[in-house]
Ligand code: HSE
């Protein structure tokens, strides 16, 4: 019998990307989807692959949720917090697949990234684990693009600087970035028609516009256009941002590390739209040749691409714009650092909404329903 799968939060940004992928891969044919809403209960539901799925059910109704074999939610941590334990307390033994961070580090959950931890996922299913959570976007994208080095246990420690897209903060933040771009462009459009005008005068004007009272900053609190924000999420006790804390904690949970691999660095929001980039300094456990490192990186999984450390290849293929909307997680700028023979650099890019959010969830669902 086909599993009944409840889908919650499927209209938000991550949810929409998930639906797009599921429709493209014809996933809906392998289970019975039931669509939920937290705000538009009983309203018309969606049509996917030409099939209409009826009216929307109440995402807070434990009695309806209890009947499902699997629940997939992109509704966010607040919803998970409200519903998950209530549902478990009601005796529900179904599978819970979640994009939110709320349950990620709990003992009962496995963080899912099957190209990296498929055997751990299978083992967890065999051990009756019922809670599978997608990882933080930078963590998933890092593990995929550097998967070869992790799987061969070559990493002694690493540092990272991230360049995270506006989409990581949510749809409203993306809109705000666009509004900021618009305000700046409007303010200087006449100056751009006059090439004789000093660029320094234009730059001053941009600064004034960006720092003016009416400039749209409700979401980011400060301008992001023409700027960057070296802080993502709240501060933890040791001075890290929560986003920075997640990198080592989640990565080592996914890798089932017996001894934690130290990973630390700074997370930075930049004005790209939906691709996160990351720059790494990696200390390897041994001195191996660059060509061996490149081979290990490029052979690990079918989404990683090794970008040669050349100007042209890098500026064309290792950028947010060239990766956005794809499942590729290219890695480039791989070279030995003059710090020592065991030290290398690497730069990676990945779509924060695909492998960084939606894709691990749909693949986890496939593992359960196939
Ligand atoms: N926390 C990430 C960000 C979103 O702010 O970019 C992906 O989990």
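The values are calculated or read from the model by the stated rules, or taken from the named source; none is laboratory data. No experiment lies behind these values; they were computed from the predicted model shown. Positions of Cβ are generated from backbone atoms using ideal geometry, with glycine treated the same way; all protein chains shown enter the neighbour counts.
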I'm checking my understanding of the structure. Among residues of the stretch 46-59 that are without any contact (Cβ under 8 Å) to a residue 24 or more places away in the chain and closer than 20 Å to residue 76 by Cα, which one is surrounded by the most Cβ atoms within 10 Å (Cβ to Cβ)?
56
Residue check, residue 250 surrounded by 15 or more Cβ atoms within 10 Å (Cβ to Cβ) and assigned to a helix (DSSP H, G or I)
yes
Single match in 88, 21 (criterion: free of Cβ contacts under 8 Å to residues at least 24 places away in the same chain and not in a loop (DSSP other than H, G, I, E, B)):
88
Does residue 139 count as in a helix (DSSP H, G or I), within 16 Å of the ligand (Cβ to nearest atom) and either out of contact with any helix residue (DSSP H, G or I) (no Cβ under 8 Å at 6 or more places or on another chain) or modelled with pLDDT under 95 (or both)?
no
The listed residue being surrounded by 14 or more Cβ atoms within 10 Å (Cβ to Cβ) and out of contact with any helix residue (DSSP H, G or I) (no Cβ under 7 Å at 6 or more places or on another chain), out of 279, 257, 272
279
Filter pass, residue 334 being more than 16 Å from the ligand (Cβ to nearest atom) and buried (at least 17 other Cβ atoms within 10 Å of the Cβ)
yes
Flagged in the stretch 159-194 as more than 16 Å from the ligand (Cβ to nearest atom) and in contact (Cβ under 8 Å) with a residue 24 or more places away in the chain, in numbering order, are 159, 179, 180, 181, 183, 184
Of all residues in the stretch 25-45, count the ones that are free of Cβ contacts under 8 Å to residues at least 40 places away in the same chain and more than 18 Å from residue 367 (Cβ to Cβ).
11
Do we find that residue 350 is within 16 Å of the ligand (Cβ to nearest atom), crowded, with 24+ Cβ neighbours inside 10 Å and part of a strand (DSSP E or B) in this structure?
yes
Which of (1) surrounded by fewer than 16 Cβ atoms within 10 Å (Cβ to Cβ); (2) out of contact with any helix residue (DSSP H, G or I) (no Cβ under 7 Å at 6 or more places or on another chain); (3) assigned by the TED database to the domain that holds residue 320 is the odd one out, the single condition residue 241 does not satisfy?
(1)
Matching residues, the stretch 322-370, being closer than 18 Å to residue 311 by Cα and within 16 Å of the chain's Cα centre (by Cα)
323, 330, 348, 349
Taking the criterion of being within 16 Å of the ligand (Cβ to nearest atom) and either closer than 30 Å to residue 96 by Cβ or surrounded by fewer than 16 Cβ atoms within 10 Å (Cβ to Cβ) (or both), would at least one residue in the stretch 302-321 satisfy it?
no
Mind listing whichever residues of the stretch 107-117 are surrounded by fewer than 19 Cβ atoms within 10 Å (Cβ to Cβ) and touching a residue at least 60 places away in the same chain (Cβ under 8 Å)?
114
Taking residue 340 as the residue in question, decide whether it is closer than 19 Å to residue 166 by Cβ, surrounded by fewer than 19 Cβ atoms within 10 Å (Cβ to Cβ) and more than 16 Å from the ligand (Cβ to nearest atom).
no
